[in-house]
Each structure stands twice: as C-alpha cells, then as structure tokens.
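The values are calculated or read from the model by the stated rules, or taken from the named source; none is laboratory data. What you see is a predicted model, and the numbers here were worked out from it, not measured in a lab. Please note: Cβ atoms are built from the backbone with ideal geometry, for glycine as well, and neighbour counts cover all protein chains shown. Quick note on the areas: whole protein, heavy atoms, side chains included, nothing else; ligands and nucleic acids left out. Shrake-Rupley method; radii C 1.70, N 1.55, O 1.52, S 1.80 Å.
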Amino acid sequence: MAADTSAPRAVPYIRRSQPWILTYHSVTDPTDDPYGITVSAGRLDEQLTWLRRRGLTGVGVTALLRAHAAGRRGLVGLTFDDGYADFLHEALPVLLRHGCSATVFVLPGRAGGSNAWDPLGPRKPLLTEEGIRALAGAGMEIGSHGMHHRDLTALADDELREETHGSREAIRRLTGTGPAGFCYPYGTADRRVVASVRDAGYAYGCALTPGPLLGPLALPRTHVSHADRGARLRAKAVRHRLRHRTTAAPVGRAGGEGR
C-alpha cells in the first residue's frame with residue numbers, strides 16, 4: 001500500500017454556523033457501563049432511523065464539513081471515539097444498512113489492546129491494526145485519538161508531539177493515508193495542544209465543549225448515550241443550534257466530558 005506523505009486536502013469551514021456532530025464510543029451491551037458511553041446496536045439503529053425520518057444522513061466529519069461549506073444540508077456527523085473492536089461487528093452493519101458512514105478515532109499505540117485508561121472498567125478490546133485497515137476499506141474515515149488516550153494538556157512537549165504527530169504517522173503507515181482529523185482525549189485541549197495538532201497537519205479537530213477555542217481545530221460535538229431516544233435527541237439538536245450559532249476567536253482552553 002503506497003504511503004501518502006502529502007498534507008490532507010483542505011476541509012472548508014464556515015464560521016457563521018456549526019454542523020451537528022454526534023459522539024459515540026462503544027456499541028455493544030450497555031448493561032455494565034459506568035461512564036454512560038455504550039449504546040446497543042439496536043439503539044444505534046433506532047437513533048439512525050430517527051435521524052433518517054428527519055431527512056438527516058450520518059457521514060464522517062470530512063464529508064460533513066465539505067458539504068456544509070458547499071451549502072448542502074441534510075447531513076449529520078457521526079464520530080466514534082477510542083476505536084473499540086465492537087465497531088466492526090456491531091456498529092458497521094447498522095451504519096451500512098442506513099447508508100451512513102462515520103469517522104472512527106483510533107489509538108494506534110494501543111491497537112489490539114484495551115481501554116486500560118478507564119479505571120472502573122469493564123475492559124473492552126480495541127481495534128487491531130487489521131481491524132483499522134478493514135474499516136478504512138469499508139469506507140469509514142479513520143481519524144486519530146492520539147497514541148495512548150492521555151490528557152494532552154498535562155504532557156511535556158515531546159510527549160505531546162508523539163501523541164499528535166506520532167499518531168498521524170502511525171495511522172498513515174497503517175492505512176496509506178494521513179488522517180485529516182484529530183479527536184482530543186477526554187474532550188480537553190488548550191492553545192498549546194491545538195497548535196501541536198495544527199503543526200502535525202490535521203485539517204480539523206474534535207472536542208466536546210470547546211468554549212473559546214471553537215473553530216476548525218476545536219469543533220463541538222454532542223454526546224449520545226443509550227438513553228437517547230426521540231425526545232432527548234430532539235432536545236440535544238435544539239441545544240446544539242442555540243449554543244453554536246457563531247464561533248469565537250481561538251484562545252483559551254477547551255474542556256468537557258469525554259472519554
């Protein structure tokens with residue numbers, strides 16, 4: 001597979017509004033879920049059906065931003081953090097059945113490992129290198145979640161560079177394409193972290209509640225849980241529109257719930 005050494009194609013960004021991007025994590029039995037980040041495949045199917053009935057189709061973030069910049073509506077971003085192995089056999093069939101794609105943010109430094117950063121468990125396997133390549137081949141966008149799922153704001157400069165630059169190169173070696181997107185572990189970033197993501201060559205970055213950092217390298221997202229059905233999804237859509245009608249200058253620090 002030929003390596004792609006070029007920078008990612010520019011992703012247009014509109015400052016006057018923010019497209020809606022949903023945040024998922026694991027798709028499996030949500031019974032043992034102390035963090036509220038697991039949805040069942042059946043509930044994911046219900047949620048995508050709810051979107052479709054409202055004229056919305058789920059796509060990866062790069063496709064969403066390009067369509068949004070071109071004035072095309074009817075799309076919503078779907079993102080899956082941490083790169084859980086269950087995406088392959090639980091989430092992917094549901095997405096394809098609905099004609100959707102998604103961005104999967106993976107941890108190349110933990111490929112084939114588990115979510116050891118979650119002290120409460122349960123331990124869940126992460127995608128192997130072969131699994132990551134399989135998702136790319138199935139039309140999913142592969143993005144970086146760093147190398148090891150660490151709070152980037154607490155790292156020394158050389159460690160931060162490994163998480164941003166190093167993870168991008170690792171994914172490029174795996175898939176042949178340098179990822180366009182980066183997702184901040186725990187949803188947290190500051191100016192130094194955003195600068196490192198920019199310097200690594202990413203075209204966009206995903207947070208949860210980016211605050212004053214709001215912009216192409218700190219896009220807001222909406223967390224989705226197993227409890228979210230029609231009324232809750234509708235409320236979250238309204239909240240997103242009210243919160244993110246305009247953007248702010250990229251200064252300060254972003255934070256928010258996230259795994």
Test for P34: is it more than 28 Å from P216 (Cβ to Cβ) and touching a Lys or Arg at 6+ places or on another chain (Cβ under 8 Å): no
If you go through the stretch 167-197, how many residues are more than 21 Å from R110 (Cβ to Cβ), in contact with a strand residue (DSSP E or B) (Cβ under 8 Å, 6 or more places away or on another chain) and in a helix (DSSP H, G or I)? 2
Scan the stretch 151-164 and tell me whether some residue there is crowded, with 19+ Cβ neighbours inside 10 Å and touching a residue at least 60 places away in the same chain (Cβ under 8 Å). no
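Have a look at R110, R133, R66, R97 and point out the one that is in contact with a strand residue (DSSP E or B) (Cβ under 7 Å, 6 or more places away or on another chain), surrounded by fewer than 24 Cβ atoms within 10 Å (Cβ to Cβ) and in contact (Cβ under 8 Å) with a residue 24 or more places away in the chain.
Among R110, R133, R66, R97, only R110 is in contact with a strand residue (DSSP E or B) (Cβ under 7 Å, 6 or more places away or on another chain), surrounded by fewer than 24 Cβ atoms within 10 Å (Cβ to Cβ) and in contact (Cβ under 8 Å) with a residue 24 or more places away in the chain.
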Tell me the residue from Y24, Y13 that is at pLDDT 95 or above and either buried (at least 17 other Cβ atoms within 10 Å of the Cβ) or not β-branched (V, I, T) (or both), please. Y24
Does at least one position in the stretch 54-62 carry a residue that is assigned to a helix (DSSP H, G or I) and under 29 Å from P125 (Cβ atoms)? yes
Of the residues T177, T188, which single one is among the polar types (S, T, N, Q) and surrounded by fewer than 20 Cβ atoms within 10 Å (Cβ to Cβ)? T177
Within the stretch 69-79, track down each residue that is surrounded by fewer than 19 Cβ atoms within 10 Å (Cβ to Cβ) and touching a residue at least 12 places away in the same chain (Cβ under 8 Å). A69, A70, G74
Only one of D45, D82, D32, D86 is charged (D, E, K, R), touching a residue at least 60 places away in the same chain (Cβ under 8 Å) and open to solvent by 30 Å² or more (accessible area, probe 1.4 Å), namely D32
Could you tell me how many of the residues in the stretch 190-215 are at pLDDT below 95 and farther than 16 Å from F80 by Cα? 7
Over the stretch 93-130, the set of residues on the phi > 0 side of the Ramachandran plot and out of contact with any Lys or Arg (no Cβ under 9 Å at 6 or more places or on another chain) is G112, G121
